[in-house]
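First up is the structure itself, then whatever we jot down about it.
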């Protein structure tokens, strides 16, 4: 997961971690773990984030499915890390 790109997308959509957590019905600490790649995102959460932030399919791929410069891969629970199958955006 690319934390930097997610934070940019959040800023563009005028969302912060607290507002995103509320819209996802998650605690702020749980979203923090996910943003910092310490807990996996579910496919449903990825879909919901994409909708909340109005992300394009390309942005979803760049944020959640590409390696970050430090070599960390995105962690998606229940999904093949090399695909974005099943993720639809608005």
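Can you run down the residue pairs with Cβ atoms below 6 Å, 6 or more apart or on separate chains, where the first is in segment 1-14 and free of Cβ contacts under 8 Å to residues at least 60 places away in the same chain and the partner is outside any loop (DSSP other than H, G, I, E, B) and surrounded by 15 or more Cβ atoms within 10 Å (Cβ to Cβ)?
Between residues of segment 1-14 that are free of Cβ contacts under 8 Å to residues at least 60 places away in the same chain and residues that are outside any loop (DSSP other than H, G, I, E, B) and surrounded by 15 or more Cβ atoms within 10 Å (Cβ to Cβ), the close pairs are 5/62; 5/63; 6/63.
Return yes when residue 76 is in contact with a helix residue (DSSP H, G or I) (Cβ under 8 Å, 6 or more places away or on another chain) and at pLDDT 75 or above and no when it is not.
no
Hey, any hits in segment 60-68 for a residue that's modelled with pLDDT under 95, in contact with a strand residue (DSSP E or B) (Cβ under 8 Å, 6 or more places away or on another chain) and surrounded by fewer than 18 Cβ atoms within 10 Å (Cβ to Cβ)?
Within segment 60-68, not a single residue is modelled with pLDDT under 95, in contact with a strand residue (DSSP E or B) (Cβ under 8 Å, 6 or more places away or on another chain) and surrounded by fewer than 18 Cβ atoms within 10 Å (Cβ to Cβ).
May I ask you to list the residues in segment 17-44 that are farther than 15 Å from residue 3 by Cβ, assigned to a helix (DSSP H, G or I) and touching a helix residue (DSSP H, G or I) at 6+ places or on another chain (Cβ under 9 Å)?
Answer for segment 17-44, where residues must be farther than 15 Å from residue 3 by Cβ, assigned to a helix (DSSP H, G or I) and touching a helix residue (DSSP H, G or I) at 6+ places or on another chain (Cβ under 9 Å): 18, 19, 21, 22, 23, 24, 28, 29, 30.
The values are calculated or read from the model by the stated rules, or taken from the named source; none is laboratory data. These numbers were taken from a predicted model, which means no experiment stands behind them. Note that each Cβ is placed from the backbone with ideal geometry, even for glycine, and that neighbours are counted across all protein chains shown.
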